[in-house]
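Below is one structure; the comments refer to it alone.
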Amino acid sequence: MRYLPLTPGERQQMLAAIGARSIDDLFVDVPEAARLKDPVDLPRFMGEMQVERELGALAAKNMTASSVPFFVGAGAYKHHVPASVDHIIQRSEFLTSYTPYQPEIAQGTLQYLFEFQTQVAAITGMDVANASMYDGSTGTGEAVLMAARITKRHKAVLSGRLHPHYADVVRTVCGHAGANLAVEIGGVHPTAPEDLAARIDSDTSCVVVQNPDCFGNLADLRALADAAHAKGALLIVVVTEAVSLGLVTSPGAMGADIVVAEGQSIGVGLQFGGPYVGLFATREKYMRQMPGRLCGQTVDGQGRRGFVLTLSTREQHIRREKATSNICTNSGLMCLAFTIHMTLLGEHGFQRLAQLNHEAACDLADALAEVPGVEVLTRSYFNEFTVKLPKPAAAVVSALVKKGVLGGVPASRLYPGDKDVENLLIVAATEVNTDACRAAFAAALTEVLS
Amino acid sequence: MSMNNQGRPTHATQGGSEQILTFTGHRALVQEEDLIFDRGRSGKWGVDLPVPKGRANRLGGTARKGEIGLPDLSEPETVRHFVRLSQKNYSIDTGLFPLGSCTMKHNPRLNEKMARLPGFGDIHPLQPQETVQGAWELIDRLAHWLKTLTGMPAVAMSPKAGAHGELCGLMAIKAALQARGEKQRTRILVPESAHGTNPATAALIGYTVDTVPATDRGRVDLAALKAKLGPDVAAVMVTNPNTCGLFEDEVREIADAIHGAGGFFYCDGANYNAIVGRVRPGDLGVDAMHINLHKTFSTPHGGGGPGAGPVVFSQALAPFVPLPYVVADGDGFRNVEHSGEAGDGETPFGRLTAFHGQMGMFTRAMSYMMSHGSDGLRQVAEDAVLNANYVLAQLKDVMSAPFGDTGPCMHEALFDDEFLKGTGVTTLDFAKALIDEGYHPMTVYFPLVVHGAMLVEPTETESKETLDRFIYAMRSLALEAKAGNKEGKTDRFSGAPYLSPRSRLDETAAARKPVLKWTPPAAAQAAE
Amino acid sequence: MTVYFTDQHEWVSVDGDIATVGITTHAAEQLGDVVFVELPAIGKVVAARKEAAVVESVKAASDVYTPVSGEVVEANDAVAGEPAKVNEDPEGAGWFFKVKLSNHEDLANLMDKAAYDAFVASNG
C-alpha cells in the first residue's frame, strides 16, 4: 500500500521495542465488545487507476459550466481564473503546510495573509480585515453575533433580499445563540423599494443588507447607514459577488460598520459550493470584537520585518468559553488563491474585470429583452439581474438544459412555494460569456417560450 | 597536447561555516521578499483582459470614484513573489510534522487530481439538480462510507470545519431536547483536557460549561462526572481517544451515565485516526461525532484551511440533520434544500451554510478512502498507533511522559516539562530548538492538564527511518538540556531558532500595537 | 493608606472611601508581557470577588476580580494606552481602577503583604 511506509519486518521490530506481542496489545483499552474483528463492510483497497476510473465516471455524469453557455449566479459566479493561481496553490509548502503557529517557519503563509487582509480592507473600503471566514454565509452569521456583542441589543433586521441561504444561516445561528437574538426578515419582492429604515428601533443591534441584492438590485446605502447610526444600530453590508467591488462604491464608503463578502469569484472557481472564502472587514474601533484569525506585522530579534498571528486572546484556544467565536480554521488555501488572483489583477485589472462583467450583463439584458414574453425587472445592477417570464421559471430552466444552455437560477429554487416569484429567473453574466453564448441563450429561450 | 585554457578550479572549498552578511539580504536560496504593496502603482499588467466597450452604465449612480489602492505586478513578478514566500514555509512534504491532535499525514496528489476533474470542480451548486447527479452520488457515497465506518445511521455533510461540526452536533442536541420539551437542560459537561473549541461552541449556543477533572490515569473522572449529572444537563462532550492520547476505557460507562440522566453524548472526533476501521463510535454509545476530513481523511491543511467537518448522528438525533442533505430519488438523487421538502420524520434544525458543503474536500476524502479501502483504513489506525507507541517507548527514558508507564498510548504520545526541571529550558525553548534541527515542533502547551505539554503525533505515513531520525533529534536535545547550563549548553535553546528565515518574533509588540494591513509610508508618517 | 491582598492576586489600596485596585507583581510575572487591558466603565457598580476588568498577554486572558464592592469612579487610562505599565509597576502606576467603597466589611477578610507572600510561597 503506497501510502503506508512500514514493512511487516519493521512492524515486528517496533513491537519488540515497545514490548508488545501484537498490535492488538496496543488497543487493550478498547472495551472488548467494541473491538472490530474484521474490516467493515465497504470496498477494499483500490489502486490509483481504479480510483480514477470510478471517480471519473461520477464526474462524467455532470454538466460542466465551461461546456455550455452559462448564466448561473445567485451567490457563486463563473469567472476566468488565470492558470498561475491553481499552479501556485499546489506548491507543497502552501498545500501541505499548517496554521502558522510557529511563525519562524511559516513566514510564507503569514505574509500572504497580511497581503490578503490589506487587499480585503482596500476593496471593501474598511479599516481592518481578518484572515478569512469559511464563506460569506457563515461570515454573515458571525457579523450579526458581533453586532450584538458590540451594541448589547437583541434584534437583527435582515433585508428580504438577502440571499435566502444567508438569511437561513443567520436565523439558525441566532435561533440557537445564547444571546437571545431575534431575527426579523423583510418581505420578498424583486424590485419594490424596501423600507428597512422604518424597522430600526432602540432594540435593533444591526441591519443586514446585501448589495447587489439577491435579485441583482444595486442601491446607494448611505441613507440607510445614517438611519441605522441615528438609532445606535450597526450597518452590515453583504456582498456575494466580490468582483462588484471593482466598479461599485465600496460598502465602507457607503457607511458600513461590518462588511461580509463571498470571495469565491476571485481565484476560487465554482467547486459546487465549497470550499469558498469569507471576507470579513470592520472599523478600527471594533477590531477586538472580530472573530477569526488575524495576522499582524512585527519584527524579529534582528529587527527584520516579519508577521505573526495576533490578538489571539479573542479566539477559542485561549478564551475558550469567552471566545468571540468557536472558529478554528480559516480558508487558508482559498485565501491564497484569492490573494494571487488579486495580485495578478492589480488596480486597473480589477477595475477592468468589473467593467467587463457589467457590460456583459448589459448586453445580456438587451438580448433577453428582445425575447417575446420576457421582461427585465432590474433597473440598476452589476452583473446579475432578474427577468420575469410568462410561465414558471423552473420548468423553463429544465427545458433550456435540454437545449444545452444553463440559463440562470429560477427564484423558486431559493423561495419555493412563493407564487409571487414563481415566474422569476435570476440571471448572471460574467467576462467568460461571449456574444455567441448570449445569442444561444436568447434563441433557446425564444424556442422554449413559444 | 593541444592547449586548452578553459580550465577552472573544481575541488570543494573550505570555510562556509561563518555567517557572512550579503549586500542584498538574500542568503543564497533563502530570499527576502517585500510585500506586493511595497511595489506600488506602476501601470503594469498581470492579466490580459479585453478592452471594455465603454458603454453607458446601469449602476444607478453607485459607480465607485477614486483608486482602490492595489499594486500592479506583472505575471512573472507575481509568480516569483509567491514562490519565494512558499520557500519560507515548513510543510508535510518537507518533513515530519509531529503535531499532536492535528494528524499531519501525507496529502495524496491523486486527491488533488480528482477534485480538479471538471465534472467536480466546474459545476455550480444551483444548477438544475438533474444536471449534477454524479455530484449528489459522490456526496451520498461519502456519507455511506462515513456512516458505515462509524456505525452510525445518519450524517450531516454540510459543516465547513471541525468547529463548525461541533456547532452542528450541539445544535442538533439542542433541537432534540426542545422537541422533547426539555428546555431546562442547559449545562454541558466538558473534560478539563478538552480542546478550546468545545467550551467555545457550548457557550456560543448559550449552554454553561461545567468542567470535569481527569484522574491520575489521564482519563475523565467517571465518579466526578456522575456527581455532576442532573436534570439540567444537556450533554457531555468527550474526545476519544482523548487529548492526552489515551483511549477513554470507561467510555461505555460515560455513555450509559449521560443517557441515564436524559442527556446526549457528543464525541469530538479529532483523534479518530487512532481507531478508524478498528472501533465504531456507534458501538461506544456516541450520539454525535464530527469527523475532521482534513485530519483523518488526508485533505490538505492548506496553511490553516479549508477544512470540512461532517457529523455522524445516532438514531435519536437523526431527524434533526440540518439542510441540505442528499436523498435517493428513484434511480437518482435529490438534494433536500428546504424544510418543506423534508420527508416524514425529518425535522432539520436549520441551515448552517449556503449551498451544500465542502464539495472539494468530499472528492479528496472519497479518493483517499477508496485508495485505502476498509482494510487499508484499518491498517492506517494500526500504523498510527504503532508509530506513536514506538516514539513513546524510545523517548520516555530521557523525557518525562506522565502516562508513559500506565499502558499504551493511542496515535499520539504526551510528554510534559518535568524532565526540563532545573535546566532553565522551557517547553517553548525546546520546541524552538527542534526547528533548528529541521522539524516543525510538536504541539506545545496543550492539553492544559499537564505542565508544559508536548504532544507528539507522527501519523501512519512516516517511515521507521524517519521516526528513528526524529527520535535521535529529540534524545539529543533532551540530553543537552539536562546537561544543564554548563559551558553555554542551553544557548542552543534560549535563542532558538537561529537558522530559520526569521528568529523569534516580537509577539508582544504585535498585540500591543496591532498593525493588520500595509499602509502607505506617507500616511504612516502622518499618523505618528 | 493601607494595602490589602486577595487570594485572586489583586491588591487594593484604601484611602478613606476610595479603593485603588491592581494586580500583584506575582500575577504580572505569571502573565508575561501585558498587551491589553479592558477597564470597567465609570459609574459601573461592581460586587466583591466578581469580574471587573480583563488583562491580556499574548497567550492568556485573565479576569481581574474586584476585592471590594462599590461604584467605579476612575479607570487608569494610562494603562489602557500603555499596557506595558502593568509589567513595569504593577503595584504602583500600573493600577487598574478606583472604587468608591459601599461596604468597608469587604476589607475584613483580605490579607496583608506578609500573609499574601506566604500564600504565594505555599501555593506556587
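Quick note: the coordinates plus some simple rules give every number you see, no bench work behind them. Here the structure is a predicted model, which means the values were calculated and not measured. We place every Cβ from the backbone using ideal geometry, glycine too, and count neighbours over all the protein chains shown.
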TODO: Past 30 Å, Cα to Cα, is the threshold; run A:402/B:53; A:152/B:517; B:88/B:160 against it and keep the listed order.
DONE: A:402/B:53
Task: Nitroxide proxy distance, nm - points 7 Å out along Cα→Cβ at residue A:33 and residue C:71 - done: 6.4
- [ ] Nearest 5 is fine: what % of DSSP beta bridges in the protein assembly as shown come out antiparallel, could you say?
- [x] 70
Task: Residue-wise HN-Hα coupling along the stretch B:391-398, computed from phi with Karplus coefficients 6.51, -1.76, 1.60 (Hz; x: Gly, Pro) - done: 4, 4, 4, 7, 10, 5, 7, 9
- [ ] For the stretch B:110-368, calculate the relative contact order in percent as a whole number, restricting contacts to Cα pairs under 8 Å that are 6 or more residues apart.
- [x] 29
Open item on the list: Based on alpha-carbon centroids, what's the gap between the stretch A:330-355 and the stretch B:356-400 in Å, whole number please?
Closed with: 36
Task: Calculated Rg and Dmax of the stretch C:2-104 using C-alpha coordinates, Å - done: 12.2, 38
Task: Cβ-Cβ FRET estimate between residue B:215 and residue B:347, R0 fixed at 35 Å, reported to 0.05 - done: 0.35
TODO: Quantify how strongly other chains surround peptide B:161-173 by giving the mean number of their Cβ atoms within 10 Å of each of its Cβ atoms.
DONE: 3
Task: Inter-part distance where the stretch B:85-127 and the stretch A:210-253 are each reduced to a Cα centre, Å - done: 35
TODO: Pull up all non-local amide H partners of residue C:65: gap of 5 or more, or a different chain, and H-to-H distance under 5 Å with H placed in the peptide plane.
DONE: C:52
TODO: Could I have the simple spin-label model distance between residue B:448 and residue A:191, label points 7 Å from Cα toward Cβ, reported in nm to one decimal?
DONE: 5.8
Open item on the list: I need the phi-derived Karplus couplings for the stretch A:49-63: 6.51 cos²θ - 1.76 cosθ + 1.60, θ = phi - 60°, integer Hz, Gly and Pro marked x.
Closed with: 4, 5, 4, 4, 4, 5, 6, x, 5, 5, 4, 5, 7, 9, 7
- [ ] Show the residues, 5+ positions off or on another chain, whose built amide H is closer than 5 Å to the amide H of residue A:248.
- [x] B:64
TODO: Determine, from the Cβ-Cβ distance of residue A:370 and residue B:22 and an R0 of 56 Å, the FRET efficiency 1/(1 + (r/R0)^6), rounded to the nearest 0.05.
DONE: 0.25
Open item on the list: Just to be sure I understand the model, the point goes 7 Å from the Cα along the line to the Cβ. What's the resulting residue B:3 to residue B:184 distance in nm?
Closed with: 10.8
